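Student: A single structure is presented below for examination.
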Amino acid sequence: MPEGAIVIEGVTKRFRDKTAVDQLDLVVPTGSLCGFLGPNGAGKTTTIRMIMAIFLPDEGRVSVLGRPSAAESKDRIGYLPEERGVYRKMRVGEFLSYIANLKGLGGACLSRKIDDWLERVALPDARKKRCEELSKGMQQKVQFLASIIHDPELIILDEPFSGLDPVNARLMRSLIEEMHRQGRTIIFSTHVLHSAEQLCTRIFMINKGRKILDGSMDEIRSQFDPKTIVVEPLSGEAPEAVRASLASVPGVHAVAHAGERRTFEARLDAVADAGAVMRSIVERVPTRRVELRRATLEDVFVHLVDPGDSEDVLREMLGDPAASSEVNADA
Amino acid sequence: MPKSSSQSDPAPLVGEASRLSRRPSPSHSGSASKKIAVIAWREFRATALTRAFFVGAVVLPALIWGAMFGVGAMNFRRPPMEGTLAVLDATRDSVVASGLEAHFSPEAAAERSRREREALERIAKEQALQFGVPEDEVEQRLAMASLAEPAPRVTLERLPADADMQAQRGRARAGEVLAVVSVTEDTLTLVPQGAPPPGEGAAPDPRGSYQFIQGETLRPEHARTLRRSVERVIEDERFRRAGMDPVAVRAVSNARTEADAVLVTREGEKKSNDALVRILPFIFLMLIFMGSMTGGQYLMMGTLEEKGSRVMEVILSACSVRELLLGKLIGQGLVGLALMAVYAGVGLAAARNFNVLSQIPAGVLPWTVVYYLMAYAFLGAMMLAVGSAVTEIREAQALYAPIMLLTFMPFLLMFPLLENPGSWIATAASFFPPTTPFAMVMRLSQPSYQVPLWELVGSTIAGFLGVVAMIWIAAKVFRVGVLMYGKPPTLLGLLKWIRYA
């Protein structure tokens, strides 16, 4: 059996009367790019801190890079904590080389490496600046560099996109993708579902300390296939006629029409062949657009997380202007 | 969306410490010590190799010394006293007024200043012989001294017995006269030994007192000189009435009596009667106190900063809690040591310059380093714990109280320990780990006293056991505290952390 980069078995973590993580099993395959999702207070940061051996679990085992504790392989792990900062009075270059030295990296090549990386994250002149002179977004990028400057095999990023503007969020995504292509194992937690959907090969979702979703992106999509075809007729078509035509297509179970919108949703039978149904629709209704709706992580999230559990999370993820601006950046 | 995971209640994290990462496996001990060294070096560099530290440690003390010498020099420039002293003398034969007249006569004044100068020269020459003060410096000091006390030019005005004292007060107030003095026969009367003090509200006993009326314009040092002169004349008259020769009496009572003290020990004989030697314990106490407090303060502030700026977890992703704690302790320990080295170096250079280097017991110096390390590690560990337990400096105040108490103790102990370095208090303080280094350094630096060997060894062991215990406790608090934000714990809460950890 191939050993995962991170293997969590039956891990429980309690903070006195509150169970933060409850009997969690998780395997992060080597070389995968995993999204770690869940509402606020679900136990994401606690789980990550246990992976990093900053906390030790009350029950269960955590193995990281084949060793029983991350404490033994900290130099091979890059970790961007959620609570992150910089030494305000330290210069950016000094800060990065200090962290690199702590992780066992040194010598002449380090200096060149720091310059290269600063160049890549569009901070070419930052090296001599004090950290406090940087904006929050710039500091975020410096913190990210601090976590990956030593070329780790395993990269753990807790909320890497928080506080980044759309341009920098895109830069962060491209860096994550690049490191994934280089064969590194990456796990990141996020609230930006759209980013996770675009990037990840694998998704974990936890709620109230329990795992509620674990699988590859394709598996999750087929598991949560909404079996719905979205139809936008050409303008001028009478809505009632379109509805009737759609309802007559074999395999269509029901048709929904949102009053002001121009689109119709045709729900399919459990056994219907989506391709055949789409062809039939095109034959019968003059359409501008026919589309098989895919399961978005948002759908999955809403499906799995009881809104009562985390109303604030839903608000944050679905309606929050700041969150949606990050989503729009993907378009 | 920055999400705050602030912990509003410290309780949930209790129990954390035991679960935090422990020491790395033995195969990693090499990299652990390297990490500790990297952390220590950063701490040292970020603290000691800064302009702020240079200003605080070197420039500021220099300025303070400069200011003190400046004020001293200014004091020397006193204007000479010139004016009239009005005397209402109701004694038999007006002896006081006559005595004052003689006292302030130009001949007497010249004779006095000649004698004073002779005395100063004698002292200066003695010092030159004893401490090797250079010749030109002796001249300088003498010049300063003669500036210090220019001969006063005072004329005496005898007031008639029926003088209007109210008018005389007005003259004193207006500064027309230096002062108005009124003496009576009662002034010369001796108050019998054991006479009860006048009761509350009763009129003051007229015996033995005289009136001295001055305005605001009279300089305090001139008032002192005048009063000293009046009192001297009164005393002389009392001696005469008692059938004694005032000149002879003064000659006898001013004669020098001084012990030539020698301490006989197993190592041989030591001189032990110099002023420098008497303040040595205080100097050594201040040296280790300053070093350990400086290092400790930086530890607390540094830890607070790392928590406040949220850089703590970034650092902990690269090293363990234990490595961070030890690295910080060592780094700031070096800062304190560097500060001590600067001051001790300046002190030794000064001692060499004044030829008193031999008076400093050389054996105390290595012990000073040992006791500094002990004092620093104890205080520093406490400060580290406080710094890690709170989020803001304001919150640290409450937890700082026990540290304050601890830092007062050496000064409370100073007088009993200087009085008798062999007392049971001294022994107890030496074996009480928080005060061990301070007490021992004060006892060791007294050349007239030899600390028993068993006490030296025993208290040093006790002190270091205390340090180990304190670091152990601090590590527990540190482990729980470093990643905890929100409501600061109380002192009781901290004790709970230790118990749970």
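The values are calculated or read from the model by the stated rules, or taken from the named source; none is laboratory data. Treat the numbers as computed from the prediction; the structure is a model and nothing was measured. No Cβ is skipped: glycine too gets one built from the backbone with ideal geometry, and neighbour counts run over all protein chains shown. Accessible surface is based on the protein model in full, side chains and every heavy atom, while ligands, DNA and RNA are left aside. Shrake-Rupley method; radii C 1.70, N 1.55, O 1.52, S 1.80 Å.
Student: Wholly within segment B:407-501, which helices (runs of 4 or more DSSP H) include no fewer than the required count, namely at least 1 residues that are in contact (Cβ under 8 Å) with a residue 60 or more places away in the chain and either exposed (fewer than 15 other Cβ atoms within 10 Å of the Cβ) or out of contact with any helix residue (DSSP H, G or I) (no Cβ under 8 Å at 6 or more places or on another chain) (or both)?
Tutor: By residue number, B:491-500.
Student: Also, quick follow-up: Out of A:Gly66, A:Gly41, A:Gly31, I need the residue that is within 22 Å of the chain's Cα centre (by Cα), within 27 Å of A:His150 (Cα to Cα) and not aliphatic (A, V, I, L, M). Which one?
Tutor: Sole residue among the options that is within 22 Å of the chain's Cα centre (by Cα), within 27 Å of A:His150 (Cα to Cα) and not aliphatic (A, V, I, L, M): A:Gly31.
Student: Taking segment B:376-406, which residues are open to solvent by 50 Å² or more (accessible area, probe 1.4 Å) and closer than 19 Å to B:Gly302 by Cβ?
Tutor: Correct list: B:Glu392, B:Ile393, B:Arg394, B:Gln397.
Student: Report yes if A:Leu145 is open to solvent by less than 10 Å² (accessible area, probe 1.4 Å), in contact with a strand residue (DSSP E or B) (Cβ under 8 Å, 6 or more places away or on another chain) and within 14 Å of another protein chain (Cβ to nearest Cβ), otherwise no.
Tutor: no
Student: Could you run through segment B:115-135 and say how many residues are part of a helix (DSSP H, G or I) and at pLDDT below 70?
Tutor: Result for segment B:115-135: 6.
Student: Does segment A:255-293 hold any residues that are basic (Lys, Arg) and at pLDDT 75 or above, and which are they?
Tutor: Answer for segment A:255-293, where residues must be basic (Lys, Arg) and at pLDDT 75 or above: A:Arg262, A:Arg267, A:Arg279, A:Arg284, A:Arg288, A:Arg289, A:Arg293.
Student: Does A:Gly4 satisfy the condition of being in contact (Cβ under 8 Å) with a residue 24 or more places away in the chain, in a loop (DSSP other than H, G, I, E, B) and more than 12 Å from every other protein chain (Cβ to nearest Cβ)?
Tutor: yes
Student: How about segment A:198-210: which of its residues are on the phi < 0 side of the Ramachandran plot and either touching a strand residue (DSSP E or B) at 6+ places or on another chain (Cβ under 8 Å) or buried (at least 22 other Cβ atoms within 10 Å of the Cβ) (or both)?
Tutor: A:Leu199, A:Cys200, A:Thr201, A:Arg202, A:Ile203, A:Phe204, A:Met205, A:Ile206, A:Arg210, listed by residue number.
Student: If I filter segment B:300-314 down to residues being touching a residue at least 12 places away in the same chain (Cβ under 8 Å) and either among the aliphatic types (A, V, I, L, M) or under 15 Å from B:Ser31 (Cβ atoms) (or both), which single residue comes out as surrounded by the fewest Cβ atoms within 10 Å (Cβ to Cβ)?
Tutor: B:Met301
Student: Quick check: anything in segment B:344-363 at pLDDT 85 or above, open to solvent by 60 Å² or more (accessible area, probe 1.4 Å) and not small (Gly, Ala, Ser)?
Tutor: For segment B:344-363, residues at pLDDT 85 or above, open to solvent by 60 Å² or more (accessible area, probe 1.4 Å) and not small (Gly, Ala, Ser): absent.
Yes/no matrix, rows are residues, columns are (1) touching an Asp or Glu at 6+ places or on another chain (Cβ under 7 Å); (2) surrounded by fewer than 15 Cβ atoms within 10 Å (Cβ to Cβ):
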{"residue": "A:Ile212", "(1), (2)": "no, no"}
{"residue": "A:Gly215", "(1), (2)": "no, yes"}
{"residue": "A:Asp218", "(1), (2)": "no, yes"}
{"residue": "A:Pro250", "(1), (2)": "no, yes"}
{"residue": "A:His253", "(1), (2)": "yes, yes"}
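Student: Within segment A:114-130, how many residues are part of a helix (DSSP H, G or I) and within 28 Å of the chain's Cα centre (by Cα)?
Tutor: Qualifying residue count for the region: 6.
Student: Let me ask you something else. Within segment A:68-85, count every residue that is under 18 Å from B:Lys34 (Cα atoms), open to solvent by less than 30 Å² (accessible area, probe 1.4 Å) and at the interface with chain B (Cβ under 7 Å from one of its Cβ atoms).
Tutor: Selection size over segment A:68-85: 2.
Student: Restricting to helices (runs of 4 or more DSSP H) lying wholly in segment A:157-271: which have 2 or more residues that are touching a residue at least 60 places away in the same chain (Cβ under 8 Å)?
Tutor: A:166-181, A:193-199, A:217-223
Student: Oh, and also: Report yes if some residue within segment A:26-49 is open to solvent by 20 Å² or more (accessible area, probe 1.4 Å) and among the hydrophobic types (A, V, I, L, M, F, W, C); otherwise report no.
Tutor: yes
Student: Then there is this: B:Leu373 passes all but one of (1) open to solvent by 10 Å² or more (accessible area, probe 1.4 Å); (2) more than 19 Å from B:Ala469 (Cα to Cα); which number fails?
Tutor: (2)
Student: In this structure, does B:Leu334 turn out to be open to solvent by less than 60 Å² (accessible area, probe 1.4 Å), aliphatic (A, V, I, L, M), within 23 Å of B:Ala46 (Cβ to Cβ) and in the same structural domain as B:Ile39 (by TED's automatic domain parsing)?
Tutor: No, not satisfied.
Student: Would you mind stating whether A:Leu65 is at the interface with chain B (Cβ under 10 Å from one of its Cβ atoms) and either open to solvent by less than 30 Å² (accessible area, probe 1.4 Å) or on the phi > 0 side of the Ramachandran plot (or both)?
Tutor: For A:Leu65, the condition - at the interface with chain B (Cβ under 10 Å from one of its Cβ atoms) and either open to solvent by less than 30 Å² (accessible area, probe 1.4 Å) or on the phi > 0 side of the Ramachandran plot (or both) - is not met.
Student: Mind checking which residues of segment A:86-113 are open to solvent by 20 Å² or more (accessible area, probe 1.4 Å), more than 11 Å from every other protein chain (Cβ to nearest Cβ) and in a helix (DSSP H, G or I)?
Tutor: A:Ala108, A:Cys109, A:Ser111, A:Arg112, A:Lys113, listed by residue number.
Student: Here's something else I'd like to know. Exactly one of these conditions fails for B:Lys328: (1) modelled with pLDDT under 90; (2) more than 20 Å from B:Thr436 (Cα to Cα); (3) open to solvent by less than 10 Å² (accessible area, probe 1.4 Å); (4) away from chain A (no Cβ under 12 Å). Give me its number.
Tutor: The single condition B:Lys328 does not satisfy is (1).
Student: Just checking, does segment B:90-110 include any residue being open to solvent by 50 Å² or more (accessible area, probe 1.4 Å), modelled with pLDDT under 85 and within 14 Å of chain A (Cβ to nearest Cβ)?
Tutor: no
Student: Anything in segment B:207-240 that is of a type in the set (Lys, Arg) and within 14 Å of B:Gly99 (Cα to Cα)? List them, or say none.
Tutor: B:Arg227, B:Arg228, B:Arg232, B:Arg238, B:Arg240, listed by residue number.
Student: Mind listing whichever residues of segment B:35-55 are open to solvent by 40 Å² or more (accessible area, probe 1.4 Å) and away from chain A (no Cβ under 11 Å)?
Tutor: Residues satisfying the conditions are B:Leu49, B:Arg51, B:Phe54, B:Val55.
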